[in-house]
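Student: I'd like to ask you about the structure that follows.
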There are 2 protein chains.
Amino acid sequence: MTAPTTDDPRIDALMAEVRRAGGRVTAARRLIVGALLDAATHQTVDELAAIVRTAGPDVHLSTVYRTLDSLEAIGLVEHTHVGHGPALYHVGRMHPHLVCEKCGAVIDFEPAQLDTLREELRERFGFELHVGHFAMLGHCRDCASS
Amino acid sequence: MTAPTTDDPRIDALMAEVRRAGGRVTAARRLIVGALLDAATHQTVDELAAIVRTAGPDVHLSTVYRTLDSLEAIGLVEHTHVGHGPALYHVGRMHPHLVCEKCGAVIDFEPAQLDTLREELRERFGFELHVGHFAMLGHCRDCASS
DNA sequence: TTAAATGCAAAGAATTTGCATAACA
DNA sequence: TGTTATGCAAATTCTTTGCATTTAA
């Protein structure tokens, strides 16, 4: 387990946004967004907490939850529900996710890729699809072939 | 809270399938599938248990869970994950769901409606979409306009 | 009669909350 | 100095499990 980055300039950018929204910049928050930014893929709260604790052993799980909630309220972070298992968090804008039910691999893709479907659902059911907040489940290439 | 149907012929049909699969037909199981079949929409385990208990007060929540698991293993029932909140159960074949994040309304639709998307995801990512096991979230017509 | 299903209690996983203390602005 | 954020413990919600007992086949 590696400690989260602390010198990524994106951390400061995000913290500036937090401040602008009336929030406060704390050590725990810097670590948490550092861990979020490091990640190659989306992460659960437990995973984030484990990384954060390598640098700040006292950061409590509830602090991670609350920090992510705050960041999400400001629009800096999103979480996605994945079938069973815990929610996945990631920085940045809403986008659709494919999640493999076998190996857990997450594939991000562009919202535009769902425009046709979105239009179809809007016309047919009057339903406004929110692409970011749920994952589409199935099998990834590797798991589908095996 | 109304007691579940007990004279729906579909109950017997489903029980026949249970028997064929080596399972046993019990009073609890008849009540549970009765409740499932009555429903206008998909239901949570708690909702089902409440209905079932009007006729069989001792049917335990864990029995409802286990019965639904068994029925799902045989392929008679499916459950769908809906963002936060508990899973929704329904009889019958896998199909996609739209769930309103505001009012909880569930819209079922035909798997074929997603064929284009499916083909696209397969080509682009090698991803095999399983349409039944997750809900696509958004706002229904009423909630979107208000 | 015997394997499967049930009731009950308890545990488990994921998340939220209350409250006193600490620390940012 | 006055909130806001944190740590901690405890509560909540949804679901699963172990075990002794009951019951369908």
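Student: Which residue, of A:L98, A:L114, is closer than 30 Å to B:L98 by Cα, touching a residue at least 12 places away in the same chain (Cβ under 8 Å), part of a helix (DSSP H, G or I) and not acidic (D, E)?
Tutor: A:L114
Student: Hey, another quick one. Are any residues in the range B:23-54 over 24 Å from B:A105 (Cα atoms) and surrounded by fewer than 19 Cβ atoms within 10 Å (Cβ to Cβ), and if so, which ones?
Tutor: The answer is B:G23, B:R24, B:V25, B:T26, B:A27, B:A28, B:T54.
Student: Then there's this: Scan the range A:102-119 for residues that are within 7 Å of chain B (Cβ to nearest Cβ) and either of a type outside the set (S, T, N, Q) or within 21 Å of A:L48 (Cα to Cα) (or both) and report the count.
Tutor: 2
Student: Among the residues of the range B:35-82, write down those that are within 14 Å of chain A (Cβ to nearest Cβ) and within 11 Å of DNA strand D (Cβ to nearest atom).
Tutor: B:Y65, B:D69, B:E72, B:H79, B:T80, B:H81, B:V82
Student: Something else now. Here are some residues: B:D7, B:D12. Which one is over 17 Å from B:H79 (Cβ atoms), more than 15 Å from DNA strand D (Cβ to nearest atom) and not aliphatic (A, V, I, L, M)?
Tutor: B:D7
Student: For the range A:83-97, check the following and say yes or no: at least one residue is at pLDDT below 95, closer than 30 Å to B:H133 by Cβ, within 9 Å of DNA strand C (Cβ to nearest atom) and not assigned by TED's automatic domain parsing to the domain that holds A:G132.
Tutor: yes
The values are calculated or read from the model by the stated rules, or taken from the named source; none is laboratory data. This structure is a prediction, so every number in the text was calculated from the model and none was measured. When we count neighbours, we look across all protein chains shown, and the Cβ atoms used for this are built from the backbone with ideal geometry, even at glycine.
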